[in-house]
Amino acid sequence: MIYIHAGGIHNSIPDNQLPDLKSELKALSGKVYRRIDHFIQLAIIGAHKAAAELELAPQTAIYMTSGQGDIMVFDRVRRQRYFQKMLSKPVDFVNLSSNSAGFYVATHLGLNGKNLFLLHHHFPVQMTLLAAQNELNLGQQKAILVGGVDEWIPKPELAKKLLGVDEVTILGEGSNWLLLKAEAEAALATFALEPGTLNKIELQRLLLSVEAGTFLAFSSRFSAAEVAEIMVMNKGCKRYHYEASCAYYETLPLYVLNRFLHQEQGKLIHLDVSKGRYMVMRVGNNVFL
Amino acid sequence: MKGSLDEALKRRLKIMIIEECEKEEVTPDDVADDVQLFSDASGLELDSLDALQIIMGLQIQFGIRLEDSKAFRRHVTTINELADFIQPH
């Protein structure tokens, strides 16, 4: 069993304009950062919120994930390189390295532990949490700050194409973080992730064993019909509604877990699906009452 | 007109440097025309990564290509000298 010790939410639905995160970051942390782009600003803000009231051990690891990464800089560098036949700007080149955001988060929080960035389509959050869960259970790490970061871009058609979502989907941005440890003392909630993907029959078998009153949250990849079908078959469960408070980004499951922990008491099962395979995460914050 | 006499050009250069080096707390009026940009006296606190950003800014905004570090050190000294390099006559 592993435990959630803190969480941090930064979630927004930009209204056709890129949010000014530089000012927000300055107001939040009191620091002025140069040479960091929107994606990195977003990462620092979310991590800062998760760690704001904690004294993190310097060896705390950072595991960060994203569905699309630093896509604005990637697009700019791509255009410069292949259309304008120019070298990219040095700062863009540095920031495009896969782990730059993790480096800046670690610097901001004064951490020098393991630093991992995982870019993954379909299950970025679950794959990163799985790595964290394994490391904590094996005793390889004592504390891991897990973050999911996705930025909104002014030209969302590129992001939609990359993410494989339809044209009418509204995109948002978020930076949502959880501090995980293997120790229960002073924890906010329990966390467990089913390590493999399930087919529909295996999912239903798992849900039949869930105790009454458990909340079910569905990722936005579920169709309304499938959600209705699962809820009918599991009448003892309550649907956890979060959809009105956010728009789509691929690391949204970390927002959902965080939001639940901030607003509800009880047990939540988060369901996600991609290409007919399901992944299941469980959190519970009533076990410490 | 020689670049150092072209106030509009010098202002464009200052804005380019401020933007490329993300020195939002500095205004173009704070940057003196005849002070070494890479010195304490300029108040800009520029470093080697800023130099690379300025090289790219010169290329993109002014079409000026500096081939090596010697060329950079020779021409990117003060605003006046940089302006004269871009616009000699």
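The values are calculated or read from the model by the stated rules, or taken from the named source; none is laboratory data. Because the structure is predicted, anything quoted here is derived from the model rather than measured. Glycine gets a Cβ as well: all are built from the backbone with ideal geometry, and neighbour counts include every protein chain shown. Side chains included, ligands, DNA and RNA excluded: accessible areas come from the protein's heavy atoms. Shrake-Rupley method; radii C 1.70, N 1.55, O 1.52, S 1.80 Å.
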* **Selected from A:Ala50, A:Met72, A:Gly164, residue furthest toward positive end of dipole (chain A; charges at beta carbon)** => A:Met72
* To do: Could you sort the residues of segment B:50-79 by number and keep only those whose accessible area is reduced by 40 Å² or more in the all-protein-chain setting relative to the chain alone, 1.4 Å probe?
  => B:Gln53, B:Met56, B:Ile60
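Using only alpha-carbon positions, what ratio does the radius of gyration of chain B give when scaled by 2.2 N^0.38 Å?
Working: Rg = 11.7 Å, N = 89, 2.2 N^0.38 = 12.1 Å.
In units of the globular-protein estimate, chain B measures up at 0.97.
Please get the size of the charge dipole for chain A, origin at its Cα centre, with Cβ charges of +1 on Lys and Arg and -1 on Asp and Glu, quoted in debye to the nearest 20. Please list the in-between numbers first.
Working: 29 positive and 27 negative charges, 126 e Å.
It works out to roughly 600 debye.
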* Structure fact -> Given unit charges at Cβ for Lys, Arg (+) and Asp, Glu (-), the dipole magnitude of segment B:1-62 about its Cα centre in debye, nearest 20, is 400 debye
* If you average 1/r over all unlike Cα pairs in chain A and invert the result, what Kirkwood radius do you get in angstrom? -> 19.5 Å
* Which of these, A:Gly102, A:Gly164, A:Gly172, has the largest mean-square fluctuation under a Gaussian network model of chain A (Cα springs below 10 Å)? -> A:Gly164
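Is segment A:152-203 rounded, prolate or oblate when judged by the Cα gyration tensor, a ≥ b ≥ c being the square roots of its eigenvalues, rounded requiring a/c under 1.5 and prolate requiring a/b larger than b/c? Walk me through the numbers before you get to the answer.
Values: a/c = 4.05, a/b = 1.60, b/c = 2.52.
Oblate is the answer for segment A:152-203, as a/c is 1.5 or above yet b/c matches or exceeds a/b.
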* Would you look at the GNM of chain A, springs on alpha carbons closer than 10 Å, and say which of A:Val94, A:Val146, A:Val232 moves the most? => A:Val232
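Determine the alpha carbon to alpha carbon distance for each of A:Lys142/A:Lys267; A:Lys22/B:Lys14; A:Lys22/A:Lys275; A:Lys49/B:Lys14; A:Lys31/A:Lys161 and list only those over 28 Å. Write down the numbers at each step before the final one.
Values: A:Lys142/A:Lys267 24 Å; A:Lys22/B:Lys14 22 Å; A:Lys22/A:Lys275 38 Å; A:Lys49/B:Lys14 36 Å; A:Lys31/A:Lys161 35 Å.
Too far apart for the 28 Å limit: A:Lys22/A:Lys275; A:Lys49/B:Lys14; A:Lys31/A:Lys161.
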* To do: Please turn the phi angles of segment B:47-56 into ³J(HN,Hα) values with the Karplus equation 6.51 cos²θ - 1.76 cosθ + 1.60 (θ = phi - 60°), one per residue in order, whole Hz, x for glycine and proline.
  => 10, 5, 5, 4, 4, 5, 5, 5, 4, 5
* To do: Would you please give the residues with an amide H less than 5 Å from that of A:Gly7, counting only those at least 5 places away or on a separate chain, with H modeled from the backbone geometry?
  => A:Leu179
* What's the longest piece of chain A with no exposed trypsin sites (Lys or Arg not before Pro), counting a site as exposed if DSSP puts it in a loop and it has at most 11 other beta carbons within 10 Å? -> A:86-234
* To do: Would you please name the GluC sites (Glu not before Pro) within segment B:34-89 that are DSSP coil residues with at most 13 other C-beta atoms within 10 Å of their C-beta?
  => B:Glu45, B:Glu67
* **Rounded accessible area of A:Cys246 (nearest 10 Å², 1.4 Å probe)** => 20 Å²
* **segment A:191-284, Cα convex hull volume normalised per residue, Å³** => 97 Å³
* Between A:Leu254, A:Leu42, A:Leu118, which gets the highest mean-square fluctuation from a Gaussian network model of chain A, Cα cutoff 10 Å? -> A:Leu118
* To do: Among the trypsin sites (Lys or Arg not before Pro) in segment B:48-89, which ones are in a DSSP loop with at most 12 other Cβ atoms within 10 Å of the Cβ? Mind listing them?
  => B:Arg65
